Structure formats: C-alpha cells, structure tokens
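The values are calculated or read from the model by the stated rules, or taken from the named source; none is laboratory data. A quick note: this is a predicted structure, and the numbers were derived from the prediction, not measured. Note that we place each Cβ from the backbone using ideal geometry, even for glycine, and neighbour counts take in every protein chain shown.
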Amino acid sequence: MPPVAATPILGAPVSALKCDQLVNQMVKWAESRESRVVCVANVHMVMEAHSDPTFCQVLEAADLVTPDGMPLVWALRLFGKREQDRAAGMDLLMAISSAGEQRGLKLFLVGSTPEVLSKIRARLAVDYPRLIVVGAISPPFRDLMPEEEAHTVAAINASGAHFVLVALGCPKQEKWMGRHRGQIEAVMVGLGGAFPVYAGIQKRAPAWMRNIGLEWVFRLALEPKRLWRRYFTTNLPFVWLLSIEVVHRFLVRR
C-alpha cells in the first residue's frame, strides 16, 4: 500500500488526504528530489485495477493515489473520511504550477501531442510567468524501445526537473511512471485528462456540475462516440460493486 494513509475502494488504494495535504506532500518530495509516483484516480482507473490485478499492483506501489472524481470522494466519506475533498487533475496541475513558481521548482511535460504541449507551455507562461518548464516530450503512441525510454529518462534527469507531469492515458501513464520509479529523480504525476483541458482544446465542466459529480455527463455530451462505451462499462458496474462493498462493510461492523 502507499506509505500515505490509503483506503481501499474495490481493492484499489486511494489516499485519504485532503487536496492541500496531497499537494504539500508532493512539494516536500520534489524539494528533496525524491523519485515518487502520484496517480490521479477516477472511476475508470479504479475499475481497471479491479479487473486487472497487475494494474492494481501498480497503484499499490504508487506513493499517492488521489481521488479525482466525486464518486471516489463520496466513497471515501462513506468509509469514514468525512472531510475528504476532491483532488482533480486540473486542480493539481495548477497547484503544482503555483508551488513551482513560488518555490523555484521546475516542470517537465511528458505525453499528449506536440500541439497540446505547446499550448500548455504558452498558457503556463501567462498564468505562472516565473515558473520554469525545462522540457517537454511527446513520445510516439506505440510502445517505446528500451533505448528510447532510456533517452527520455536521461533527458528528464539532465533537465533538473522537480516535477514530471505525465499524460499518456490510463493505464499506460501509471505503468510508465511505475517502471521509472527510482530512475527519474523527480515526482511523477499522471495528469492525462488535464492536459487537453488546460491547453484549451477541451472544455471543463462548470464548477456546479463538478461539485455534484456530473462532470461525466458534460464530457459525454461533448464526446459521445468516444466515451459512451467507457461510461456504460465502468460507471454502472462501479455503482453496483461499491454498493455491495458498502453493505459488506456495514455487516462486518455489526
């Protein structure tokens, strides 16, 4: 399990800390140049871990698994973490960037497309003018050869980055970070879904929809062809399986 207190949700460990505590922990690691892995979990990721024991082990080996989606926040509250709030990828991206600007911590971007990376760097330069982005790599979508991965690791370490923000999609980015734990001398954070939103290519749901757990409805309306199958095969089973887990925990406590 992660060294920070975690609560299992359908077997996947989710770090039971408030968003500001999670960010503070990441900043401490970054300032010490520790090699750490932070996964930003939503229902899709939890269901991937539930159905794939190997991927579940990746999450168990991570240093933090933050609750991105409101369903995970509600689950943590049901399981006794009454003060739990959401640690969404977009919010973490901005919090890390703000801390980086204030504390002189450098960022490196990995993943997505050259267009998205360019737009992110341009917006970061406006939003956080003193933030230093030391590099960005958009790897091919195929699996990388060992020498290509070694080159990427060497480039990141040579850059002096404190944070590596990774956008390769779930579960690829989590596996990538797990493979390079102990090799990359920085805090790696999987922020796949946040990249195109921060770049302005995709819209973010209004705050009121995010706060009541309806962000998925907003995203489905924007990309029905791409997302309907995922939501149908993950959200509904998640609700059913979580209900069973809640009943089981209640009966065990009696």
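Select, from 92, 131, the only residue that is assigned by TED's automatic domain parsing to the domain that holds residue 40 and either under 17 Å from the mean Cα position of the chain (by Cα) or assigned to a strand (DSSP E or B) (or both). Step through it out loud before you land on a result.
Values: 131 fails: either under 17 Å from the mean Cα position of the chain (by Cα) or assigned to a strand (DSSP E or B) (or both).
Just a single option satisfies the conditions, and that option is 92.
Looking at region 233-240, is at least one residue farther than 18 Å from residue 73 by Cα and among the polar types (S, T, N, Q)?
Checked region 233-240: at least one residue is farther than 18 Å from residue 73 by Cα and among the polar types (S, T, N, Q).
Among residues belonging to region 100-118 that are part of a helix (DSSP H, G or I) and of a type outside the set (Ser, Thr, Tyr), point out the one that is farthest from residue 204 (Cα to Cα).
Taking region 100-118 first, the residues part of a helix (DSSP H, G or I) are 100-103, 114-118.
Next cut, of a type outside the set (Ser, Thr, Tyr) only: 100-103, 114-117.
On the way: 100: 23, 101: 24, 102: 26, 103: 28, 114: 21, 115: 18, 116: 15, 117: 18 Å.
For region 100-118, the residue satisfying everything is 103.
A quick yes/no check of all residues on (1) part of a loop (DSSP other than H, G, I, E, B); (2) in contact (Cβ under 8 Å) with a residue 40 or more places away in the chain; (3) of a type outside the set (Ser, Thr, Tyr); (4) surrounded by fewer than 16 Cβ atoms within 10 Å (Cβ to Cβ):
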| residue | (1), (2), (3), (4) |
| --- | --- |
| 120 | no, yes, yes, no |
| 143 | yes, no, yes, yes |
| 148 | no, no, yes, yes |
| 158 | no, no, yes, yes |
| 183 | yes, yes, yes, yes |
| 201 | yes, yes, yes, yes |
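Regarding residue 138, is this residue on the phi > 0 side of the Ramachandran plot and in contact with a Ser or Thr (Cβ under 9 Å, 6 or more places away or on another chain)? Break it down into steps so the answer makes sense when it comes.
Details: on the phi > 0 side of the Ramachandran plot: no; in contact with a Ser or Thr (Cβ under 9 Å, 6 or more places away or on another chain): yes.
No, not satisfied.
Only one of these conditions is not met by residue 113: (1) closer than 19 Å to residue 34 by Cβ; (2) surrounded by 15 or more Cβ atoms within 10 Å (Cβ to Cβ). Which number is it?
(1)
Do any helices (runs of 4 or more DSSP H) entirely within region 1-84 hold 3 or more residues that are under 21 Å from residue 250 (Cα atoms), and if so, which? Spell out how you get there, then give the answer.
Values: elements: 19-31, 43-51, 53-61, 70-78.
The qualifying helices (runs of 4 or more DSSP H) are 70-78.
Quick check on residue 136: is it part of a strand (DSSP E or B) and either of a type outside the set (Lys, Arg) or under 18 Å from residue 190 (Cβ atoms) (or both)? Spell out the reasoning first.
Working: part of a strand (DSSP E or B): yes; either of a type outside the set (Lys, Arg) or under 18 Å from residue 190 (Cβ atoms) (or both): yes.
Answer is yes for this residue.
Taking the stated definitions as given, is residue 22 under 13 Å from the mean Cα position of the chain (by Cα), closer than 21 Å to residue 175 by Cβ and in the same structural domain as residue 193 (by TED's automatic domain parsing)? Working first, answer last.
Numbers: under 13 Å from the mean Cα position of the chain (by Cα): yes; closer than 21 Å to residue 175 by Cβ: no; in the same structural domain as residue 193 (by TED's automatic domain parsing): yes.
Spelling it out, it is not the case that residue 22 is under 13 Å from the mean Cα position of the chain (by Cα), closer than 21 Å to residue 175 by Cβ and in the same structural domain as residue 193 (by TED's automatic domain parsing).
Would you mind finding the one in 78, 64, 10 that is buried (at least 24 other Cβ atoms within 10 Å of the Cβ) and touching a residue at least 40 places away in the same chain (Cβ under 8 Å)?
Numbers: 78 fails: buried (at least 24 other Cβ atoms within 10 Å of the Cβ); 10 fails: buried (at least 24 other Cβ atoms within 10 Å of the Cβ).
It is 64.
Can you say whether residue 23 is at pLDDT 95 or above and β-branched (Val, Ile, Thr), as far as the supplied structure shows? Walk me through it before giving the result.
Numbers: at pLDDT 95 or above: yes; β-branched (Val, Ile, Thr): yes.
Yes, satisfied.
Just name the residue that is farthest from residue 178 (Cα to Cα) out of those in region 31-61 that are surrounded by fewer than 18 Cβ atoms within 10 Å (Cβ to Cβ) and in contact with a His (Cβ under 8 Å, 6 or more places away or on another chain).
31
Has region 213-222 got at least one residue that is modelled with pLDDT of 90 or more, small (Gly, Ala, Ser) and within 28 Å of residue 114 (Cα to Cα)?
The answer is yes, given that some residue of region 213-222 is modelled with pLDDT of 90 or more, small (Gly, Ala, Ser) and within 28 Å of residue 114 (Cα to Cα).
All but one of (1) more than 18 Å from the chain's Cα centre (by Cα); (2) over 14 Å from residue 167 (Cα atoms); (3) part of a helix (DSSP H, G or I); (4) not β-branched (Val, Ile, Thr) hold for residue 97; which doesn't?
(1)
Kindly evaluate residue 108 against the criterion of being surrounded by fewer than 22 Cβ atoms within 10 Å (Cβ to Cβ), of a type outside the set (Ser, Thr, Tyr), in contact (Cβ under 8 Å) with a residue 24 or more places away in the chain and in contact with a Ser or Thr (Cβ under 8 Å, 6 or more places away or on another chain).
Working: surrounded by fewer than 22 Cβ atoms within 10 Å (Cβ to Cβ): no; of a type outside the set (Ser, Thr, Tyr): yes; in contact (Cβ under 8 Å) with a residue 24 or more places away in the chain: yes; in contact with a Ser or Thr (Cβ under 8 Å, 6 or more places away or on another chain): yes.
Spelling it out, it is not the case that residue 108 is surrounded by fewer than 22 Cβ atoms within 10 Å (Cβ to Cβ), of a type outside the set (Ser, Thr, Tyr), in contact (Cβ under 8 Å) with a residue 24 or more places away in the chain and in contact with a Ser or Thr (Cβ under 8 Å, 6 or more places away or on another chain).
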